[in-house]
Amino acid sequence: HEGLPDSLGGKQYLVQGTYEYYHYMQDKLNDSGWGCAYRSLQTICSWFRRQSFATRPEPTHREIQQTLVSVGDKPPSFVGSSKWIGAFEISLCLDE
């Protein structure tokens, strides 16, 4: 964020390159109110793909949920649900 004071001693980094922006209601999926981290993960994955760091297409909500079940973070009933995920779950998916 440009112009914010560095009050906590942190560092700012800028990422270059193109990406595809994923948003609510895209792909004819009503994820309003619970899909923000799913869409953030899809956007991040698109950046990796567009920079040629990855070749896989961006994961669907269902694929994200299946990954979280596969790594033992969520129960099988999580797949197909409208349950939100957060930054920790995004990191688990990126590790896969």
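Restricting attention to the stretch 19-46, report how many residues are hydroxyl-bearing (Ser, Thr, Tyr) and either within 9 Å of the chain's Cα centre (by Cα) or over 19 Å from Pro59 (Cβ atoms) (or both).
Count: 4.
For residues that are open to solvent by less than 80 Å² (accessible area, probe 1.4 Å) and either touching an Asp or Glu at 6+ places or on another chain (Cβ under 6 Å) or among the charged types (D, E, K, R) (or both), scanning just the stretch 41-51, find the one that is nearest to Trp84 (Cα to Cα).
The selected residue is Gln42.
Name the single residue that is surrounded by the fewest Cβ atoms within 10 Å (Cβ to Cβ) among those in the stretch 55-65 being of a type outside the set (A, V, I, L, M, F, W, C) and either more than 23 Å from Asp27 (Cα to Cα) or in contact (Cβ under 8 Å) with a residue 24 or more places away in the chain (or both).
Thr60
Can you name every residue in the stretch 69-86 that is hydrophobic (A, V, I, L, M, F, W, C), at pLDDT 95 or above and out of contact with any Leu (no Cβ under 6 Å at 6 or more places or on another chain)?
Val69, Phe78, Val79, Ile85
Here's the yes/no breakdown for (1) among the acidic types (Asp, Glu); (2) open to solvent by less than 100 Å² (accessible area, probe 1.4 Å):
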| position | (1), (2) |
| --- | --- |
| Arg39 | no, yes |
| Phe53 | no, no |
| Thr67 | no, yes |
| Phe88 | no, no |
| Glu96 | yes, no |
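Looking at Gly10, Gly33, which one is surrounded by fewer than 11 Cβ atoms within 10 Å (Cβ to Cβ), without any contact (Cβ under 8 Å) to a residue 60 or more places away in the chain and under 14 Å from Ile85 (Cα atoms)? First the steps, then the outcome.
Numbers: Gly10 fails: under 14 Å from Ile85 (Cα atoms).
On inspection, the qualifying residue turns out to be Gly33.
Given the criterion assigned to a helix (DSSP H, G or I) and in contact (Cβ under 8 Å) with a residue 40 or more places away in the chain, identify the matching residue among Ser40, Ser46, Ser91, Ser82.
When all the criteria are applied, what remains is Ser40.
The values are calculated or read from the model by the stated rules, or taken from the named source; none is laboratory data. Quick caveat: nothing in here was measured; it's all calculated off a predicted structure. When we count neighbours, we look across all protein chains shown, and the Cβ atoms used for this are built from the backbone with ideal geometry, even at glycine. These accessible areas exclude ligands, DNA and RNA; they are computed on the full protein's heavy atoms, side chains included. Shrake-Rupley method; radii C 1.70, N 1.55, O 1.52, S 1.80 Å.
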